[in-house]
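Notes for the one structure printed next.
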Amino acid sequence: MDSSEIEREAQRVGREILTRLKRERHSLFEKEWWQGQVLRWCMENESFKVAFFRFIDVLPNLKSSGDVVRLFREYFDRPGINTPPLLSLGMKTLIPGSPAVPLAAKAIRANVEMMARSFIAGRDLDTARPHLEKLNRSGAAWSVSMLGEVAVSEEESEAYFRRYLDAIEQLPGFSTDDLSSAISGDRFGTIPRANLAVKLSSLYSQTDPLDWEGSLSVLTERLVRLLILARERGAHIHLDMEHYAIKGLILEAFSRAMNRPELSGFRDAGIVIQAYLRDSEEDLERILAWAAKHRCGITVRLVRGAYWDYESVTHRQNGWTVPVYLVKGETDANYERLADRLLAASDTVRAAFGTHNVRSLASVIATARSRGISERDFEIQMLFGMAGPLQDALTGMGFRVRIYTPVGELITGMAYLVRRLLENTSNESFLRSYFVEGQSPESVLAAPAAAPLREPKIESFQNEPPLDFRVDRVRSQFSDAVASVRGQLGRDYPLWIAGEAVRTDDWIVSINPAHPSEVVGRSASAGTQEADRAIAAAEAAVMEWSRQPAGERAGILRRAAESLRTRRMELSAWEVFEVGKTWREADRDVNEAIDFLRYYADEIERKAPSRRLGDYPGERNLYSYVPIGIGVVIAPWNFPLAIPAGMVSAALAAGNAVLFKPSELSPVMGYHLVKAFTEAGLPEGVLAYLPGRGEIVGDYLVRHPAIGYITFTGSREVGLGIIERAARPAEGQRHVKRVVAEMGGKNAIIVDETADLDLAVPGVVQSAVGFQGQKCSACSRAIVLESVYDAFLGRLIGALKSLRIGPPEDPATELGPVIDAAAQRRLRTAIEEGAREGRLILQVTEVPPEGFYVGPAVIADLAPECRIAREELFGPVVAVLRAKNLDEAIRIANNTDYALTGGLYSRSPAAIERVSREMTAGNLYINRGITGALVGRQPFGGYRLSGVGSKAGGPDYLLQFMIPKVVTENTMRRGFDSAD
Ligand code: NAD
């Protein structure tokens, strides 16, 4: 058959399927049924649809009727939600305390449960069994998928693993005698009745493409065990495809497992290809090449892909290329292309096609016929609860149909339910087009065609995309950078003053916190003499610099950004050694530095032109900014490139000279920053590199009368001292010093009774122990509402225990050392003290013997007043506090001297609104981690004793380095107004 004949056959097959379908029979959308009604409302009304999906997502977590009704009202009784009259009417009667509340809650639960049960066959295998047997009797096969929570710890992964093992033992026993012969065999032989879908990511909680080999070795081992048992018991294992982030790992683990000699010749295993991925063809070819070599007949299931929103959103957020086709027509066309390719290989693989789209089915069937492949030699797969009449039509036509059948508890099933509902109510759903909108056969059977869509351009400031560690080349280049930097350790770094390298008698030794015997570098240590020299050079250079057009200064910032970008991996590697950042954390810091330089370059170009104020005749008022002059930047070690890069570049952009004093603990990173500026062509004398002791050179500069501004980031004690000293004018000083001081925090995350713990637990873990908890934004208090306290705590501990602790140069490491011996001692003492004040329920003590390691610790049941719950610790220690209700949680959260970051995990719109208003935090994050603010998107900074100043990476930041000036000119000359 040529392509036009295949198309004619596809049209014929499509018509036959449609004739067999009776439009009115799809129960999914039947009007009289509650579900059909709700789905129709969702399709007609986008705001209702969003509210409805969000409500059912949280519903299973709600324990009391009062909560069910409260949340119901919060979601639906709001301006902007077009609630159908039927529902609004009911809502009016639901006043808290009314006897109608328990009845209403019961009815709501029952209806949603019924809806969920139409897509989920049972809460466990026993309750699902009758459905599976019924499927067999109706001539269809099944594949069981065990729904579950996200595995956040190894305990949870082990539980999954055991569930899979049990299922493999149990499922082969689910047999009925009247199994249709159509589903029991094909050209490769017998097809096992028991078929289990496995989510590989659930088998290893620490799966991360960055730790490629480590993740693969655990995943492969566990998968092999499942496959061996499946072989023994006569079951089929099908690996589901998951998010793009781990697609490569899934494919690789599958092929490594199947290459094992003990699985040689085993065919009852399968993998999935998602046609919405642009690189799906490559993956399919790889699998087919493997299958051609082994010729055992593994199964390949072709699907469209279920995470379109997730993939497009997360990739855009990171600035990465979106891996999915943007237009559904492109996916459909790719589906048909890949189907053809898969069928062409049907002598080496079993082909399976997962779709409810009649056009796709017709095309697959026509292609199979054109290749002489019989109905029994490929499989059509559909989802439980969605197949209905389609299943009957296709089994009636003699095809092998398998129903993918989820089994699990309601809470864990909701994410699955929402995905199904989204699919059914989407404008692009076949079921919706045909059954609800009644589109014509010509329209639903038309061959896919779509012009590719260009990615929408983001107009605002675009952040530097983080490294994509899923890519082999990126991992190997990073590893090369680490090796190369290791070869450069131990060098000397002189000061840099007026374009000259200056050596001193005193030296600062920077050591690797993971291997304290390893010297990262030695920097000269500036004293008062060198400070004076730098001030003199700055005085000579600053006027000329400040007169440069803003565009010139911006150009230098951009060139410096480019120089950092060119060396980004090398610079990250330096951070790995100097401060103990893991690969991903180091990359983020370098990225942020680049962002700051580019952002402030843009900002100065926006701010520099003078603005005319007012439009009164006879006068011209010009508002402009002039730089302050010479100032000092005093930086911490914890973001050793980004924080100084932001402070230095803002001051320079505004036309000031800068004396830069990096932290004693990260002088080498400070050197690299200054190097980028000199390479970018910054004039001599404008920027001095002055590493030195804070109490000596830092203090001297703070007091010096030539200093006009001080920009400090660091601890509260030092910051407050600087503010105090800077306020006192020195002899001969003619100005008030301007101080920007960003200081510490004691940041809290509130977890309420509606929180999604699958998000909250990893969010708290990442925020609390990312970079060993040494971020000013880190979460050091989790304030958890009573009703979820135990569940949260249990999962938090499991997750923290599962983290891999080790030297940060190893890509497998999730938790490295703290910065120095003093920090290690301080944290150990704090943990001991915490154990007296509260209940020390976790302290990981298994850490590498060498290096300044402190294992994660959790102290629970603390009273809000105790020291551990109020003072900044700066380490991987989490205080967990119990709150009776949201009022109390907010009170505890606000009961500190600080107001830097804060967070809330909640699915209650009212709680989100309230916490956003009442929680004292400069940066508040809802339903995500509280660290990792991005330049231009989440300008960063706190208030109270967390700091004074406007937010870094925000539109007001540069103003702190400039003095506003107004020039008013009388434009009248001899009676006429000469204003232009
Ligand atoms: P730190 O206060 O010990 O040191 C910061 C800088 O101040 C260093 O360069 C140090 O040499 C210098 N210094 C010390 N004594 C001085 C003195 N008497 N006069 C002048 N300078 C002096 O802080 P750190 O340990 O480097 O950093 C950790 C602290 O920084 C934490 O409290 C953290 O919360 C805070 N931090 C805040 C932010 C923020 O944006 N709010 C960001 C990062 C870090």
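Read-outs throughout are calculated quantities, based only on the coordinates presented, and are distinct from any laboratory measurement. Since this is a predicted model, take the numbers as computed values, not measurements. Ideal geometry is used to build each Cβ from the backbone, glycine not excepted, and the neighbour counts take in all protein chains shown.
Determine the relative contact order of the chain: mean sequence separation of Cα pairs under 8 Å and six or more apart, normalised by residue count, in whole percent. Display every interim value, and only then the final one.
Values: 1932 pairs, mean separation 105.9, N = 980.
Computed over the chain, the figure is 11 percent.
Stokes-Einstein diffusion for the range 282-321, with the hydrodynamic radius set to the Kirkwood value over Cα pairs and evaluated at 10 °C in a medium of 1.306 mPa s, equals 126 µm²/s. Using C-alpha pairs below 8 Å separated by at least 6 residues, the relative contact order for the range 747-867 is 21 percent.
Protection proxy ranking of 712-723, 547-558, by the mean of other Cβ atoms within 10 Å over each peptide's residues and highest first, is 712-723, 547-558. Annotation: aspartates and glutamates with alpha-carbon distance below 17 angstrom to K737 (same-chain offsets under eight excluded): E539, D699, E724.
Between Y616 and A498, the FRET efficiency from the beta-carbon distance, with R0 = 41 Å, is close to 0.30.
From the P(r) of the chain, could you give the percentage of C-alpha pairs in the tail past 48 Å? The answer is 35 percent, as a whole percent. Here, P(r) means the percent of Cα pairs in each 10 Å bin from 0 to the largest distance; for the range 758-814 it is 22, 50, 23, 5, 0. With 30 Å as the limit, the listed pairs K457/K951; K746/K801; K675/K775; K247/K675 have K247/K675 beyond it between alpha carbons. Return the tail of the calculated pair distribution for the range 333-467, meaning the percent of Cα-Cα pairs more than 27 Å apart. Every Cα pair in the range 333-467 considered, those over 27 Å come to 35 percent. Dimensions of the range 648-745 from C-alpha coordinates, computed as largest minus smallest value along each principal axis and given longest first, are 37, 31, 23 Å.
So for the range 679-788, averaging the separation of alpha carbon pairs under 8 Å that are six or more residues apart and normalising by length, what relative contact order in percent results? Mind showing how you got there, number by number?
Working: 115 pairs, mean separation 24.7, N = 110.
Dividing the mean separation by the residue count of the range 679-788 yields 22 percent.
Distance from the C-alpha centroid of the range 55-110 to that of the range 428-462: 34 Å, rounded to the whole angstrom. Between the alpha-carbon centres of the range 326-371 and the range 874-914 there is a gap of 51 Å. Expressed in Å, the radius of gyration and Dmax of the Cα atoms of the range 177-302 are 14.7, 49.
In this label model, E562 and E731 are separated by 4.9 nm, measuring between points 7 Å along each Cα→Cβ vector. Amide H contacts of Q381: F353, G354, T355, R402, each under 5 Å away and 5 or more positions distant or on a separate chain (H built 1.01 Å from N in the peptide plane; Pro and chain starts excluded). For Q548, project a label point 7 Å along Cα to C-beta. Then give me every residue of the range 667-699 with its amide nitrogen under 16 Å of that point. Once the point is set 7 Å along Cα→Cβ of Q548, 674-689 turn out to lie under 16 Å by backbone N, inside the range 667-699.
Within the shell of other residues whose beta carbon sits under 12 angstrom from the beta carbon of K92, the net charge comes to 0, with Lys and Arg scored +1 and Asp and Glu -1. In units of the compact-protein estimate 2.2 N^0.38 Å, the range 110-166 shows a Cα radius of gyration of 1.35.
Per-residue 3J(HN,Hα) values for the range 916-933, derived from phi via the Karplus relation 6.51 cos²θ - 1.76 cosθ + 1.60 with θ = phi - 60°, read 4, 7, 9, 7, 7, 7, x, 10, 10, 10, 10, 6, 7, x, 10, 10, x, 4 Hz in sequence order (x marks Gly and Pro). By the gyration tensor of its Cα atoms, with a ≥ b ≥ c the square roots of the eigenvalues, what is the shape of the range 263-334: rounded for a/c under 1.5, prolate for a/b over b/c, or oblate? Prolate, because a/c is 1.5 or more and a/b exceeds b/c. Taking the square roots of five times each eigenvalue of the Cα gyration tensor of the range 749-901, the equivalent ellipsoid has semi-axes of 25, 17, 13 Å, listed largest first.
Quick check on the range 893-958: take the gyration tensor over C-alpha atoms, sort the square-rooted eigenvalues as a ≥ b ≥ c, and tell me if it's rounded (a/c under 1.5), prolate or oblate. Since a/c reaches 1.5 but b/c is at least a/b, the shape of the range 893-958 is classed as oblate. The calculated FRET efficiency for A289 paired with V519, based on their beta-carbon distance and R0 = 41 Å, is about 0.25.
Averaging the inverse of every distinct alpha carbon separation and then flipping it gives the Kirkwood radius. What is it for the range 546-695, in angstrom units?
Details: mean 1/r = 0.0624 Å⁻¹.
The Cα-based Kirkwood calculation yields 16.0 Å.
Measure nothing fancy, just the Cα-based angle from helix 568-579's long axis to the longest principal axis of the chain, in degrees from 0 to 90, nearest 10. That helix lies at roughly 70 degrees to the long axis. Annotation for T190 and S64: the two label points, set 7 Å from Cα along the Cα-Cβ direction, are 5.7 nm apart.
Taking each DSSP H run with n ≥ 4 as -39500 (n - 2.57) and averaging over every residue of the chain yields -14000 deg cm²/dmol at 222 nm. Here each label is just a point 7 Å from Cα along the line to Cβ, and for D977 and E888 those points are 6.7 nm apart. If a/c stays under 1.5 just call it rounded; otherwise compare a/b with b/c (prolate if a/b is bigger, oblate if not). Do that for the range 511-575, with a ≥ b ≥ c from the square roots of the Cα gyration tensor eigenvalues. The shape class here is oblate.
Cα centroids of the range 232-271 and the range 727-784: how far apart, whole angstrom? Computed from Cα coordinates, the inter-centre distance equals 44 Å.
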